[in-house]
Amino acid sequence: MTKVDFLRHIVNYVLAQKMDVVKQVADDVRKIVEKAENKYNFSAFGGDVKKLVDYLRSPDFDELAKFLKDAGKLDVLEEILKIAREKYKDIPEIVEAIDARLKTIAEAKLEVKEVEEAYKEITRIVGDRAIVERIGNTINVNIRGVGTVIVSYDPVDKSYSLEVEVSTSKKKVGLETIKAIIEALLLIRG
């Protein structure tokens, strides 16, 4: 049986190599994996590395993936899994579980890319006329004195939804502006 330890030889190695990972994020990753190691007993030292499969298929691993996704560091998890796949290549169950996770990470990275591209395009369109912020799969556009537009991406449907909140302040605008707003609202209605 292999003596490669997931936390000590793979996770810590990757985190040490990644200079762009904030220390707090790296520390939190170590804590999350250490907690899982204790729960699932997959340590190469006194445990059974095959139990790593249970962790990889668990909601606890989902927690790690979500944490790194929210931190913008899915690449770290991807590298950890690729190295683990190589180190545990002689254990088919682990390889299979890793391959499944790598597939979901690839899908999540596409999702992040999709939302990031939308964020960039919206930011380009509004320029300095609005405040644009991205939180996960949601893009908030605060148009000063007008209202808020909330764009949400649904990774399951691979579609966007739009929520528009208009403030009650009156503005003097021309007929062309009124027509453009009405056309846009009718377009949203479908």
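What follows is calculated from the coordinates using simple rules that are stated; it is not laboratory data. All values reported here derive from a predicted model rather than from experimental measurement. As a convention, Cβ positions derive from the backbone with ideal geometry for all residues, glycine included, and neighbour counts pool all protein chains shown.
Simple rule: put +1 on each Lys or Arg Cβ and -1 on each Asp or Glu Cβ in the chain, find the dipole, and look at Asn38, Ile181, Ile83; the Cα lying farthest toward the positive end is Ile181. Converting phi to 3J(HN,Hα) with the Karplus coefficients 6.51, -1.76 and 1.60 and the offset θ = phi - 60°, region 158-164 yields 6, 9, 9, 10, 10, 10, 10 Hz in sequence order, with x at every glycine or proline.
Can you tell me how region 1-53 classifies by the Cα gyration tensor, rounded, prolate or oblate, using a/c under 1.5 as the rounded cut? Since a/c reaches 1.5 but b/c is at least a/b, the shape of region 1-53 is classed as oblate. Helical content of the chain, expressed as a calculated mean residue ellipticity at 222 nm, amounts to -18000 deg cm²/dmol (DSSP H runs of 4 or more residues, -39,500 (n - 2.57) each, divided by residue number, nearest 500). Relative to the first principal axis of the alpha-carbon coordinates of the chain, what is the inclination of helix 74-87, with its axis defined by its Cα atoms, in degrees from 0 to 90 and to the nearest 10? It works out to around 20 degrees. Multiplying the residue separation of Ile150 and Lys103 by 0.36 nm and subtracting their alpha-carbon distance yields 14.0 nm. Take each peptide in 171-182, 129-140, count the other Cβ atoms within 10 Å of every residue, and average; sorted highest first, the result is 129-140, 171-182.
In terms of surrounding Cβ atoms within a 10 Å radius of their Cβ, Leu110, Leu52, Leu187 rank from fewest to most as Leu187, Leu110, Leu52.
Ordering Asp5, Asp75, Asp154 by the number of other Cβ atoms within 10 Å of each residue's own Cβ, fewest first, gives Asp154, Asp75, Asp5. Taking Cα centre as origin and charging only the Cβ of basic (Lys, Arg, +1) and acidic (Asp, Glu, -1) residues, the dipole magnitude of region 59-190 rounds to 840 debye. When both region 55-88 and region 96-122 are represented by their alpha-carbon centers, they are found 13 Å apart.
Amide H to amide H, with H built 1.01 Å from N, Ser43 comes under 5 Å of Asp48, counting only residues 5 or more places away or on other chains. The three principal axes of the Cα atoms in region 121-189 give end-to-end lengths of 40, 26, 22 Å, sorted in falling order. Only lysine pairs 8 or more places apart, or on different chains, with alpha-carbon atoms under 23 angstrom apart are counted in region 1-46, and they number 8. Helix 23-40 and the longest principal axis of the C-alpha atoms of the chain enclose an angle of approximately 50°.
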